[in-house]
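Worksheet: the structure to be examined is printed underneath.
Bear in mind that the values in this text are calculations on the coordinates, not laboratory data. All values derive from a computational prediction rather than experimental measurement. Cβ sites come from the backbone with ideal geometry, for glycine too, and all protein chains shown count toward neighbours.
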Amino acid sequence: MSHPLGTVADMTSHDAVDAPPATQWDEPRPPDLHPAFWAETRPTDATLATLDVPEGEAVHGADGRLLGWIAAPGTTGLGELWLRLARQFPQTGLWPVRDTWYDLEEGRNWGHPYWEAPYAVAKRGFHAGTLPDRMYRDVPGDPGVPYIDLEEIADYVSAPEVTLAEPSAMEADPLSTLRAPTTAEKLVLLVCRRPADAVLTLDFGVPNDDATPGMFVGVLRSWESRFGVVPEQLHPAWTTFQVIAPPSSETDMRRLATEVIAFALDTASQGGFGGTGRAEEMVGTRSWSIWWD
């Protein structure tokens with residue numbers, strides 16, 4: 001059967017990851033992903049040594065390979081450092097995240113009581129609630145097709161529709177348009193093939209909302225490819241993203257707002273989208289903040 005999001009096979013399929021790096025370093029770059037969001041070489045301690053970072057601690061996995069770096073407590077100027085390191089990402093494979101509550105640990109937090117590896121990773125942005133390690137919901141009478149409750153979403157988005165927003169055009173050097181965060185008290189660098197996959201290296205999710213790391217990375221990969229959405233802050237209270245190429249048409253803003261609500265419906269019911277309280281207003285901006293807990 002046909003469906004706005006693809007075939008039934010598209011709906012039910014997902015990727016699984018269970019160890020860093022989330023993406024194998026010998027895989028080709030996805031054809032829809034701008035080269036600025038793809039690191040060609042896995043970083044090492046030698047890579048880290050070239051970055052002129054302040055005092056901090058390198059973190060290694062059980063295999064001895066670099067997982068990331070944590071700035072020493074009390075380090076100043078972290079907003080500007082975040083910007084410099086983010087712009088260097090294609091050459092380093094190290095993505096900066098500010099003010100996370102999570103610790104970067106050897107082997108990641110597979111003992112976390114709220115989810116277990118491997119994580120199911122949705123292939124499309126609407127599939128946040130349909131992964132096998134979350135509550136699975138079907139379209140009534142049509143098993144295998146994820147159910148998006150448009151009546152429920154309509155309370156927060158005018159005329160929602162289950163159609164993916166069309167990609168925006170990217171600039172030749174998209175990372176040059178990023179801005180330094182105005183606040184940053186903590187900074188970690190995370191080994192990842194693309195910025196979206198930083199959530200897997202950090203093992204980041206929101207237990208309060210059953211939002212697994214696999215759910216996050218699947219949705220973020222989709223938004224990263226189409227709009228240049230990259231993580232700035234990953235915290236179980238707030239997740240903050242910079243958006244390099246937000247949609248400009250009313251249709252695509254409405255469609256993307258529907259995707260955001262499907263991703264964070266509990267957030268929508270509590271007005272937790274930045275300073276606007278509405279996803280339709282937030283998605284047209286270059287800075288997104290989504291409240292979770």
The range 204-220 - phi-based ³J(HN,Hα) in whole Hz, Karplus 6.51/-1.76/1.60, Gly and Pro as x: 8, x, 10, x, 4, 10, 6, 8, 6, x, x, 4, 4, 5, x, 5, 5
Translational diffusion coefficient (Stokes-Einstein; Kirkwood radius from C-alpha pairs) of the range 149-225 at 37 °C, 0.692 mPa s, in µm²/s: 210
Nonlocal amide H pairs with residue 60, under 5 Å, H built at 1.01 Å: 67
Derived scalar couplings ³J(HN,Hα) [the range 171-182; Karplus, 6.51 cos²θ - 1.76 cosθ + 1.60; whole Hz; x for Gly, Pro]: 6, 4, 10, x, 5, 5, 8, 5, 10, 6, x, 6
Per-residue Cβ neighbour rank within 10 angstrom, fewest leading, 289, 176: 176, 289
